[in-house]
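Participant: Below are the structure tokens for one structure; questions will follow.
Computed from the coordinates by the stated procedures, all read-outs in this text should not be read as laboratory data. This one's a predicted model, so the numbers in the text were calculated from it and none came from an experiment. Counting neighbours? That spans all protein chains shown, and the Cβs are built from the backbone with ideal geometry, glycine included.
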Amino acid sequence: MNEKDFMNITNGIDERYVSKYRNTAKVHDLSRRRIGIAIAAAAAVAVMVPVGVFAYNQITHREKVSIYYSEEGVQKLEESLLANGFTVSNGNFELTLDVAMCDGNFTQGVYTMTALNDEAKERLESMNRKLIYADTGEWIYPTGGVSEASFGEAMSENEISWQFSYPVNSSYIDASRPIRMVFFEYVKTGESDGYGETVVEDYTYYDGIYFDVLTTPNVQTKTLRAEDGTEITLTPYGISQLDKNWAYSEDGEVIGKAVNSFVVIAADGERTEILSDNDAIDTYGLGTGVVNGITITGAYGSGNFSIGFGSVLNVDNISGVEINGTAYMG
């Protein structure tokens, strides 16, 4: 692609405004430079300021959120009124839900945990989390989702910003009830169960630290279809597929495959290659692979799958995507 083609795709946005993307997890050996350029092009295609938007709430930890969604993406989130700002504190930690987005399949976003004292600093990286029903405290299992902390700027001595993604449209989830994310630590009791020391969940230090997970869509969505009728959901921040009754195979393995290639197709037919052939991200069933801003959760074809763009795009400027050579068009 020459300079003229690039400027056409990005609608003339100067390249210096395209953010750099950071690695956030160990994945297969990918061609990071090539992927980074493609993602930057795709992000620039879509970051278009809505006419008439003059005032909006600012995301609390916007610099850290930009690590996951790019600087242009953060601006788009704010202009779309998606800054959340829910905050709770218990004297040890302060939790801020910076942004949360739901497409009806998954809810994703970023929350920030801030340690308020030296002891809390030491516990930042050892905390655990799980989803429960807020009305009963019942654990929702399996969740099929993840919370990932980016290395580098998303982590500091007293604060970590986590990107999360959790399904809200699965057969094992009752979306009519409030779903809550809670935090705890594992504590040894000093007793033995015959195999080692007994470890229990302790919520004392994180009492009152939580946030409720969105279960209804709050972003623009578009349904894309393949020739065989398979559907995926497109949103400004990614695509998703979630079969309400998805299941493992008879031998307990996840049905699905790695993503070998991913292309965004603009409304004018321009194709922007995000992942190229042989640049597979294997998410090992229901794991997550993240590189240069692209987040892949679950296995393609499993019925529990999503791709995060690493920015916030203009859905109206996207006519389709292509995954492993299969086109999904709107």
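Participant: Which value in Å does the Kirkwood hydrodynamic radius of the stretch 143-243 take, with 1/r averaged over all unlike C-alpha pairs and then inverted?
Facilitator: 17.5
Participant: If you don't mind, another one. Could you list Ser171, Ser319 so that the one with the fewest beta carbons within 10 Å of its beta carbon is first and the one with the most is last?
Facilitator: Fewest-to-most ranking of Ser171, Ser319: Ser171, Ser319.
Participant: Only counting other Cβ atoms within 10 Å, I'd like Asp118, Asp103 sorted with the fewest neighbours first.
Facilitator: Ordered by Cβ neighbours within 10 Å, fewest first: Asp118, Asp103.
Participant: Which order results if Val213, Val315 are arranged by neighbouring Cβ count within 10 Å, fewest first?
Facilitator: Listing Val213, Val315 from fewest to most nearby Cβ atoms yields Val315, Val213.
Participant: Could you run the Debye sum over the Cα atoms of the stretch 74-231, one equal point scatterer each and no solvent, and tell me log10 of I(q)/I(0) at q = 0.15, 0.20, 0.21 Å⁻¹, two decimals?
Facilitator: Computed log10 I(q)/I(0) values: -0.90, -1.38, -1.45.
Participant: Using bins 10 angstrom wide from zero, how does P(r) for the stretch 58-116 break down, in % of all Cα pairs?
Facilitator: Percent of Cα pairs in each bin: 24, 50, 22, 3.
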